[in-house]
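Everything on this sheet refers to the single structure shown next.
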Amino acid sequence: MNAEGESKLQGVTTASAKPVQDVPAQAQGQGPMAALAHRARLAARTLAQSSSATRDKALWAAAAALREATPAILEANAQDLAASTANDAFRDRLTLTPERVEAMARGLEEIADLPDPVGRVLEEWTRPNGLRIRRVATPVGVIGMIYESRPNVGADAAGLCMKSGNAVLLRGGSESLNSARAIHAAMQAGLRSAGLPEDAVLIAPDADRAHVAEMLTASGQIDLIIPRGGRSLVERVQREARVPVLAHAEGLCHTYIHSAADFAMARRIVLNAKMRRPGICGSTETLLMDAAIAAALLPQIVADLAEKGCTFKADAAARAIVPDLPAATAKDFATEWLDAVLNIAVVDGVDEALDHIAQYGSSHTEAIVTADENMAIRFMNGVSSAVVMWNASTQFCDGGEFGFGAEIGIATGRFHARGPVGVEQLTTFRYEVIGTGQVRP
């Protein structure tokens, strides 16, 4: 981003055209992220009170700004790629193309077309004394988004937060800093076009790792932290945060081929689940296959994947069928490869498949391929993961594929939200009590 683009973080206006008061970090005894969080909180008040039409206008304008800025975004991304020494899977996550920028823009438009999540009456009832009580969806407030490598996450997060009436403070990875800044400029252009405060979408000024620590302790300024990245990032956030965290574990996804599976379907699903994009969290990392069909089907699946460049780690039962497969260790089965590497284990039925997933899984996404509905239901009821699929690729675990327009992450915890986190999951609620003069006896 050029100097002019960077200065836009300092000179911003609210929808009423009154300047938002910057709070100097030095005056507060705080660092730059706490000061930005304060500005985001002021902007969140305006955003929460804005109309759905205004927020949608901002999203449509941001989509147009992304398209217009495509050359600048790709140039910034080329700088990031030139500085990167990462492996192919990581570079794929980092890489932007005209098609991926267009997908970001379309995602914002799809978010704009969703129903307004704010102000939904979730439940309503009347008490015997005549009081009407209703639970109403409201924005969370200020979201702190900490993410790595994938620059499009910034656009998705900003779009979802804008739609749900939340301000967002972004801290992307150092490897994607130039790309993130270029995308951020487009998002702020959308806010300006709709007369909303630019401070509703703010970004860390640089790649200083101290910014993460500051966000994690910004209690009272940031309402929710969402980390999106590898195990070390998520574990650090969960360990150090003094702010509520909506986190996901690793994407240790499994595809289980049951003995009643259609072979052609199974081959098609496994190939897509592993090799469509090996570097995303919805990629299958472990293939489980029933012993009853392994001798006939496993060599075919291995050949399919090997032709596409996949390598393997296999247990003893699988190697007895395909002898040249490398041996797998327990550590391999606990590894999220995010690469063209597939673990393979042969199991004896649904229960053994469920046991393997319980031991090694991360509660992200599991799939079963079978024509037996009873076994499918048994499998789906038996896993504790946020998403479970029947006769479909695990790569469908995606907010856009779920009809959310985009996602801010995949939540694998048990509370508030699970699976792809879209606009509805970025709201909380309040109770409204409406009376006609009642007083409590």
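The values are calculated or read from the model by the stated rules, or taken from the named source; none is laboratory data. The model shown is predicted, which means the values in this text are computed figures rather than measured ones. Virtual Cβ from ideal backbone geometry, glycine too; neighbours counted across all protein chains shown.
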Worksheet entry | Single match in ALA69, ALA62 (criterion: more than 29 Å from ALA340 (Cβ to Cβ) and either in contact with a Leu (Cβ under 9 Å, 6 or more places away or on another chain) or of a type in the set (Phe, Trp, Tyr) (or both)) | ALA62
Worksheet, complete the sentence: Quick count over segment 302-321, residues being buried (at least 18 other Cβ atoms within 10 Å of the Cβ) and touching a Phe, Trp or Tyr at 6+ places or on another chain (Cβ under 9 Å), is 5
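Conditions tested, residue by residue: (1) surrounded by fewer than 17 Cβ atoms within 10 Å (Cβ to Cβ); (2) out of contact with any Ser or Thr (no Cβ under 9 Å at 6 or more places or on another chain); (3) of a type in the set (Ser, Thr, Tyr).
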{"residue": "LEU74", "(1), (2), (3)": "no, no, no"}
{"residue": "ASP80", "(1), (2), (3)": "no, no, no"}
{"residue": "THR85", "(1), (2), (3)": "yes, yes, yes"}
{"residue": "LEU96", "(1), (2), (3)": "no, no, no"}
{"residue": "GLY107", "(1), (2), (3)": "no, yes, no"}
Fill in: Tabulated pairs, segment 181-205, first among the acidic types (Asp, Glu), second part of a loop (DSSP other than H, G, I, E, B), C-beta under 7 angstrom, 6+ apart or interchain
GLU198/LYS8; GLU198/VAL12; ASP199/VAL12; ASP199/VAL20
Worksheet item: In segment 161-177, how many are in a helix (DSSP H, G or I) and modelled with pLDDT of 95 or more?
Response: 3
Worksheet, complete the sentence: When every residue in segment 209-264 that is at pLDDT below 90 and hydroxyl-bearing (Ser, Thr, Tyr) is compared, the one surrounded by the fewest Cβ atoms within 10 Å (Cβ to Cβ) is SER232
Response to the item:
Taking segment 240-288 and keeping only residues that are outside any loop (DSSP other than H, G, I, E, B), in contact (Cβ under 8 Å) with a residue 40 or more places away in the chain, hydrophobic (A, V, I, L, M, F, W, C) and in contact with a Gly (Cβ under 9 Å, 6 or more places away or on another chain), one is left with CYS253, ALA273, MET275
Worksheet, complete the sentence: When restricted to PHE404, PHE429, PHE396, PHE415, the only residue buried (at least 22 other Cβ atoms within 10 Å of the Cβ) and aromatic (Phe, Trp, Tyr) is PHE404
Worksheet item: With respect to ARG242, is the statement that it is among the basic types (Lys, Arg), farther than 18 Å from ARG150 by Cα and not assigned by TED's automatic domain parsing to the domain that holds THR329 true?
Response: yes
Worksheet item: Quick check: anything in segment 322-335 modelled with pLDDT of 90 or more, buried (at least 18 other Cβ atoms within 10 Å of the Cβ) and touching an Asp or Glu at 6+ places or on another chain (Cβ under 6 Å)?
Response: yes
Fill in: Odd one out for ILE143 among (1) among the hydrophobic types (A, V, I, L, M, F, W, C); (2) loosely packed, with under 14 Cβ neighbours inside 10 Å; (3) touching a Cys at 6+ places or on another chain (Cβ under 6 Å)
(2)
Response to the item:
segment 61-158: strands (runs of 3 or more DSSP E) wholly inside it with 3 or more residues that are out of contact with any helix residue (DSSP H, G or I) (no Cβ under 6 Å at 6 or more places or on another chain) and of a type in the set (A, V, I, L, M, F, W, C) are 121-126, 132-139
Practice prompt. Taking the residues in segment 384-421 that are out of contact with any Gly (no Cβ under 8 Å at 6 or more places or on another chain) and part of a strand (DSSP E or B) as candidates, determine which candidate is modelled with the lowest pLDDT.
Written response: GLY419
